[in-house]
Amino acid sequence: MRTTKLLAAAGTLGLALSAAPALAVNGHYVAGIEGTKGPTVPPEGFYYRGYLVHYDIDSVQDGDGDKVPGDNGGSVSAFANRFIYVTDKKFLGADYGMEAIVIVQRNDFDFKGMGVDETETGIGDVFLSPLILGWHGKQWDSVFAAGHWFDTGDYDAADPASIGKGHGTTMLTLGGTWYFDEQRDWSFSALSRYEIKTEQEDTDITKGDSWIVEWALGKVLDNGVEVALAGYDGWQLESDSGTPAPGPKVEQHAIGAEVTFPVKAIGAQLSGAVYTEYANKNRPEGNLFRLHLTKAFKAL
């Protein structure tokens, strides 16, 4: 029985850490980094948003959501630089914008139960989006966007801590924010990402499509600070193709809390969130801590 469990655990490790998607479901996008009002596109202008993300891995979960044998821990730390430009142009009644993301990441995996002890640091795959559309109503905002994660980071099929994924990913975004009152003090937001992967050249495997949803229920206090109950959920919708047999699908779920407040001294906004994962399947499970600072510059 123990041998069977260890073999299953090894298969889980290969799926969970192949191309180092320890933060993501099985692709590129990291759930939990946006949170409150994530679907709300800002007004015309140039914006910089810096993300600091730290993920502590407590265990690796199997297909039933149970902890696989052994002491399997680690961490992923990342700093993402996101550049957003919202133009003065309109398309289909929406504000039109574009963005780019560059990430520096460190993966540290110490999976004693599976004989893996690897650490890598480097610049990850780059994301470019030529299309962001943001609509605004009296008590709602919505967004649609499309972009691609390019296979630019270092990848080694034999190294589970590789910074790059070894494949590209087309990402489609759709989401909305609803305000319960005219003052916009209470809000509920849901931001979804659909990921479509290209073939991994080193392995001839194409990872299955995935769908990620981030949500938040927020309240702006009298002092301008916003607090929220937040969470994220992700599912691999299709099995990987190019493998000898269909592999197990990945799931990721978390709930947490977020606080957002203005940093008036520099004309910026700071948001921090803590998430605890639960009921994950065929992937690591742990706790995610995230900070992001948003700085607006004058319109170009």
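The values are calculated or read from the model by the stated rules, or taken from the named source; none is laboratory data. Computed from a prediction, not measured in an experiment: that's the story for all the values here. The area values use the complete protein model at the heavy-atom level, side chains included, leaving out ligands, DNA and RNA. Shrake-Rupley method; radii C 1.70, N 1.55, O 1.52, S 1.80 Å.
Here are some notes:
- Spatially, the stretch 171-195 and the stretch 246-300 are offset by 15 Å when compared through their Cα centroids.
- Our helix-only sum for the chain, with -39,500 (n - 2.57) per DSSP H run of n ≥ 4 divided by its residues, gives a mean residue ellipticity at 222 nm of -2000 deg cm²/dmol.
- Net length gained if the chain between D185 and K112 were fully extended (0.36 nm per residue, minus Cα distance): 21.5 nm
- Of all the options Y29, Y47, Y194, the one that moves most in a Gaussian network model of the chain with Cα springs shorter than 10 angstrom is Y47.
- Space enclosed by the convex hull of the alpha-carbon atoms of the stretch 140-268, per residue, Å³: 149 Å³
- GNM result for the chain, Cα springs below 10 Å: residue of G247, G176, G115 fluctuating most strongly: G115
- Projected over every direction and averaged, the convex hull enclosing the alpha-carbon atoms of the chain yields 15.5 nm².
- The alpha-carbon positions of the stretch 208-265 define a convex hull whose volume is 94 Å³ per residue.
- Maximal additional length on extending the N81-H54 stretch stands at 8.2 nm, based on 0.36 nm per residue less the C-alpha distance.
- Of the residues G137, G153, G168, the one that moves most in a GNM of the chain with alpha-carbon contacts below 10 Å is G137.
- Angle in degrees between helix 2-17 and the longest Cα principal axis of the chain, rounded to the nearest 10: 40 degrees
- Counting only protein heavy atoms and a 1.4 Å probe, the stretch 64-144 has 49 square angstrom of accessible area per residue.
- Segment T243-L221, length gained on full extension (0.36 nm per residue, minus Cα span): 2.7 nm
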